[in-house]
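Encoded as structure tokens, the structure appears first; notes follow it.
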Amino acid sequence: MLDLRRLRLLHELHRRGTVGAVAEALSYSPSTVSQQLGVLEREAGTALFEPAGRRVRLTDAALVLVGHAESLLARVERAEADLEAAAAGAVRGVVRVGSFQTASLLLLLPAMTELRRTHPGVEVQLVEAETEPALEALRSHALDLVLADEWSGSPRPVHPNVERKDLFTEPVQLVLPAGHPATAGGRAVALDAVAASPWAVGYEGGGMAQLVRRVCAEQGFEPEVRHRTNELSMLVGLVAQGHAVTLLPALALRGVPATVAVREVAGAVLSRTVFAATRAGAGHRPALAAVLAAIGSGAPTSPSC
């Protein structure tokens, strides 16, 4: 009989490509992973792996098992959630949440405080992480819930057996020093009016950095990116002290100093969507459902600057 834990290792090997990566993701030693995959191959009664340089390649038989493993893992997750729900008296349990900093501070922290009052048996464990690594950890069962964001024009990939619930969508606006000449023109500013200004953006490859490059290219120029940080308060600080301009979502612009001007981008509708992601079926777990409800109740319905 095939062992579900070993099937999970096979599933992770298919996703990650190397035994070492699987071992690191699941906190095993590489030798333990190799040993368990060898046992799975003997259980299957057919070759599952073939050498490919320093890696191993999955055979066609292994790929068949990977497909079944994904379905079985999702079914087990649903079964465990249903069992917890059926047996629940007082709601209790540990929920591991991966989140980016703004969502941690403005969504998760108030939810944790509310849960302490309404569901004291629920323990939330926070890990701050960028969206893609957090979603990988979710799929590997290292996290139970991910708070993530998606910037307009840069949709997140759809992952099998991951359920997404959009919490809110907020406008993204141009943020520039209050004394910048472009602020004199009224509420909306065309980006070519700040083409000569230095920019501050998020890390290369992130949704915010991609958005800046895309909308500037549409205006016919490449921004001079002088500063990179994913810390939104630092981005605001760089603008406030006259070092850069940037694009920021409404949630990051609460209480900005008077030295910062916020303007709509003329000719463009820019936005960021904040969403919660769980493994399929896991949302029925009482503790996880309580965390999701607390986050949802505190999410803004129509954020404004």
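Nothing in this text is a laboratory measurement; each read-out follows from the coordinates by a stated rule. On a predicted model such as this, the values are computed, not experimentally measured, just so you know. Counting neighbours? That spans all protein chains shown, and the Cβs are built from the backbone with ideal geometry, glycine included.
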For the stretch 169-271, what D do you get in µm² per second when you plug the Kirkwood radius from alpha-carbon pairs into Stokes-Einstein at 37 °C and 0.692 mPa s?
-> 247 µm²/s
Relative contact order of the stretch 4-85, pairs being alpha-carbon contacts under 8 Å that are 6 or more residues apart, as % | 31 percent
Can you list the residues, at least 5 places off or on another chain, whose amide H is less than 5 Å from the amide H of residue 122, using H built in the peptide plane?
-> 93
Which of these, 49, 168, 275, has the largest mean-square fluctuation under a Gaussian network model of the chain (Cα springs below 10 Å)?
-> 49
Expected sort for 118, 102, 169 with the fewest Cβ neighbours (10 Å cutoff) up front is 118, 169, 102
Of every Cα-Cα pair in the stretch 4-85, the percent that sits beyond 17 Å = 46 percent
Residue separation times 0.36 nm, minus the C-alpha to C-alpha distance between residue 187 and residue 218: what's the value?
-> 9.1 nm
With x for Gly and Pro, the residue-by-residue ³J(HN,Hα) of the stretch 178-183, computed from phi through the Karplus equation 6.51 cos²θ - 1.76 cosθ + 1.60 at θ = phi - 60° and given in whole Hz, is 4, x, 5, x, 5, 6
Can you pull the one-decimal nm distance between simple spin-label points at residue 259 and residue 178, each 7 Å off the Cα toward Cβ?
-> 1.0 nm
The stretch 220-305: projected area of the alpha-carbon convex hull, averaged over directions, in nm² = 8.4 nm²
Here the longest stretch of the chain that holds no trypsin sites (Lys or Arg not before Pro) in a DSSP loop having at most 14 other beta carbon atoms within 10 Å is 55-186
Candidates 171, 160, 51, ranked by Gaussian network fluctuation over the chain, Cα under 10 Å, top entry = 51
Dividing the alpha-carbon radius of gyration of the chain by 2.2 N^0.38 Å (N being the number of residues), what value is obtained?
-> 1.20
Residues meeting the amide H criterion for residue 225 (H placed from the backbone, H to H distance under 5 Å, 5 or more places apart or on another chain) are 199
